[in-house]
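Q: Structure incoming, see below.
The values are calculated or read from the model by the stated rules, or taken from the named source; none is laboratory data. Quick caveat, the model's predicted, so the values are computed rather than measured. No Cβ is skipped: glycine too gets one built from the backbone with ideal geometry, and neighbour counts run over all protein chains shown. Just so you know, the surface numbers come from the protein's heavy atoms only, side chains and all, with ligands and any DNA or RNA stripped out. Shrake-Rupley method; radii C 1.70, N 1.55, O 1.52, S 1.80 Å.
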Amino acid sequence: MKPSVIVAAAAVGALAAAGCGSSSSSTASGATKSCVASVGMEGPLTGPVAVLGQEQLHFAQLAVAKDNVASKTKISIVQGDTQLNPAQATTVTQQFTSNSKIVAVVGPAGSQEVEAVGALMARPGMAFISGSATAAALTTGKYPTFFRTVSKDSVQGPQDANYIINSLHPKALMIVDDQEAYSTGLVAAMTPIFKAAGIKVDHESVSQKLTDFSSLVAKVTPATTVVVLPWQVASNAQQFGRNLAQHHKKAVIFGTDGLFSPGTFTISGSYVSSFGPDITAIPADAAIAAAAKAKYGNFGTFGPPVFAAQHVVDEAIASVCKAGQTPSRANVLAAIKNTNEATTILGQPIKFTPSGDVVNGKFFLFKIDSTGKYNLIPG
């Protein structure tokens, strides 16, 4: 699919007035009316996780609309549909890097996609900021123009594993990877912790394309009280839960952030961790949350980190213009490296380490009730 250009419209008054922090290298009113730039947005806009990709796109659009009003910029979004597929992400990235008007990219969504495009982004010095790619290997220095507004799996894996050990107390569990980098990375982070705690671990592996999990469910023994699913396709986890019920298996599902999808994954009693907070519970985000719901309907935790990523890019562009320069890939990248936002939509500051990680990132844990609602577990 060829990307199309969307020029963000002016934000509604309440949204424009909502504060989301600013970079130390820019001010809200400093940029001139001639501050024009394009930003690529890579996400799974169609395909099996399109509901999440569309949420990410909507929040990027909300951020651009707000920031264009606040900073008097003319920033537009160029959409690129990756379908959560590394090959498709590579095609989109090649289109973006060959488009001289694009000075930075928001996305892609999946860790496997970042691995596929990291070198392509680095060659022309194109900054790219993901709001959902969490694999720890992405910020080891091999992708020097990569940043993320969420934490990484080397934080999520141990955090989730220790919660399972200390709160769910399994003697035996199953952990299933979906053969993608995100999933296998989390399995590698969690399994040693389970084994060190004396838990019997059955490690299984399935394709993301599998849609009937009866044969996998058959391997869930009566002693297996927890099934850990570090997957990216929430509808697959929903089907797995249905298959569990059909086979009268009582194991509790524990999903990582890829399964955070209210309305899709709704198995009662399951747990889901997330890289983002529920912004509807953050008072300072009331205007943004209301605007998002009014324009696009209900949302989860995948959109707000992309709002934060887009805002970082927008602020970098505005700071370049304020300095009297024309936005380019080089000066926007330099400005992004200097990001230091005291307050953000995520309820925590955003500042990047030299390798592109957000400083002091963390994950959040939710439990699904009988109505399908995700309830935050304090901690």
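Q: Who wins for biggest fluctuation among Glu55, Glu113, Glu180 in a Gaussian network model of the chain, springs between alpha carbons below 10 Å?
A: Of Glu55, Glu113, Glu180, the Gaussian network model singles out Glu180 as fluctuating most.
Q: Provide the per-residue ³J(HN,Hα) series for segment 359-369, in order, calculated from phi with Karplus coefficients 6.51, -1.76, 1.60 and θ = phi - 60°, each as a whole number of Hz, with x at glycine and proline positions.
A: Working through the residues one at a time gives 5, 6, x, 8, 10, 10, 10, 10, 10, 8, 8 Hz.
Q: Okay, next question. Defining a contact as two alpha carbons under 8 Å apart and six or more residues distant in sequence, what relative contact order in percent does the chain show?
A: Reported relative contact order: 22 percent.
Q: For segment 236-251, take each phi angle, set θ = phi - 60°, evaluate the Karplus expression 6.51 cos²θ - 1.76 cosθ + 1.60, and give the result in whole Hz per residue in order, putting x for glycine and proline.
A: So the J values, rounded to whole Hz, are 5, 5, 4, 5, 4, x, 5, 5, 4, 5, 4, 9, 6, 8, 9, 4.
Q: Quick one: check the C-alpha center-to-center distance for segment 129-195 versus segment 289-363, whole angstrom.
A: When both Cα centres are located, 23 Å separates them.
Q: Rounded, prolate or oblate: pick one for segment 252-379, where a ≥ b ≥ c are the square roots of the eigenvalues of its C-alpha gyration tensor, a/c under 1.5 means rounded, and failing that, prolate if a/b is larger than b/c, else oblate.
A: prolate
Q: Same structure, new question: Leaving ligands, DNA and RNA out of it, work out the accessible area of Lys293 with a 1.4 Å probe and give it in Å² to the nearest 10.
A: 120 Å²
Q: Quick check: residue separation of Asn375 and Ala323 times 0.36 nm, minus the Cα distance between them. What number comes out in nm?
A: That pair, Asn375 and Ala323, stretches by 14.2 nm at full extension.
Q: Now a separate question. Shape of segment 143-199 from its Cα gyration tensor (a ≥ b ≥ c, root eigenvalues): rounded if a/c is under 1.5, otherwise prolate when a/b > b/c, or oblate?
A: Cα axes put segment 143-199 in the prolate bin.
Q: Gain in length, Ala119 to Ala137, computed as 0.36 nm per residue apart minus the alpha-carbon separation, to one decimal in nm?
A: 5.1 nm
Q: A follow-up question, please. Around Val252, which amide H atoms from residues at least 5 apart in sequence, or from another chain, sit under 5 Å from its own amide H, with H modelled in the peptide plane?
A: Val226, Val227
Q: Now, a different point. In nm, to one decimal, how far is the Arg242 label point from the Ala342 one, both placed 7 Å along Cα→Cβ?
A: Placing both labels 7 Å beyond Cα along the Cβ direction yields 5.1 nm.
Q: Please state the shape class of segment 128-246: rounded when a/c is under 1.5, otherwise prolate if a/b exceeds b/c and oblate if not, all from the C-alpha gyration tensor.
A: oblate
Q: Would you calculate the separation in nanometres between label points at Ala196 and Val36, each defined as 7 Å from the Cα along the Cα-to-beta-carbon direction?
A: According to this spin-label approximation, the distance is 5.6 nm.
Q: Running a GNM on the chain with Cα contacts under 10 Å, which residue among Asp67, Asp153, Asp178 ends up with the highest mean-square fluctuation?
A: Asp178
Q: Label-point separation (nm) for Tyr296 and Ser207, each offset 7 Å from Cα along Cα-to-Cβ?
A: The two pseudo-label positions are separated by 3.2 nm.
Q: Sort Arg242, Arg148, Arg329, Arg123 from largest to smallest accessible area, using a 1.4 Å probe on the heavy atoms of the protein chains.
A: So the residues, ranked largest to smallest area, are Arg123, Arg242, Arg329, Arg148.
Q: Consider a paramagnetic label point 7 Å from the Cα of Ser355 along Cα→Cβ; state which residues of segment 130-152 have an amide N under 14 Å from it.
A: 134-148, 151-152
Q: Let me ask something additional. Out of Thr211, Gly141, Val117, whose Cα points farthest toward the positive end of the dipole of segment 115-220 (charges: +1 Lys, Arg; -1 Asp, Glu; placed on Cβ)?
A: Farthest towards the positive end: Gly141.
Q: Next up: Could you check how much of the accessible area of the chain is carbon and sulfur, as a whole percent, using a 1.4 Å probe?
A: Reported share for carbon and sulfur atoms: 55 percent.
Q: What are the ³J(HN,Hα) values, in whole Hz, obtained from phi via the Karplus relation 6.51 cos²θ - 1.76 cosθ + 1.60 with θ = phi - 60°, for each residue of segment 145-155 in sequence order, with x given for Gly and Pro?
A: Here the 3J(HN,Hα) series is 10, 9, 9, 8, 9, 10, 7, 10, 5, 5, 8 Hz.
Q: A follow-up question, please. Going by alpha carbons, how many degrees (0 to 90, nearest 10) lie between the helix axis of 303-322 and the longest principal axis of the chain?
A: 20 degrees
Q: Please give the solvent-accessible surface of His203 in Å², to the nearest 10, using a probe radius of 1.4 Å with every protein chain present.
A: So the heavy atoms of His203 present about 100 Å² to solvent.
Q: Under a 1.4 Å probe, what is the accessible area of the chain per residue, stated in Å²?
A: 38 Å²
Q: For the chain, set up a GNM with springs between Cα atoms under 10 Å and report which of Ala323, Ala284, Ala65 has the largest fluctuation.
A: Ala323
Q: Another question, then. Which of the listed residues, Gly43, Leu333, Ile377, is farthest toward the dipole's positive end in the chain, when Lys, Arg count +1 and Asp, Glu count -1 at the beta-carbon?
A: Towards the positive end, the residue furthest out is Leu333.
Q: Would you count, across segment 61-181, every pair of lysines whose alpha carbons are under 29 angstrom apart, provided the pair is eight or more residues apart or spans two chains?
A: Final tally of qualifying lysine pairs is 8.
Q: Roughly how tilted is helix 111-122, in degrees to the nearest 10 and between 0 and 90, from the longest Cα axis of the chain?
A: 30 degrees
Q: Follow-up. Quickly estimate the mean residue ellipticity at 222 nm for the chain, helices only: each DSSP H run with n ≥ 4 gives -39500 (n - 2.57), and the total goes over all residues, rounded to 500.
A: After summing the helix terms and dividing by the residues of the chain, the value is -11000 deg cm²/dmol.
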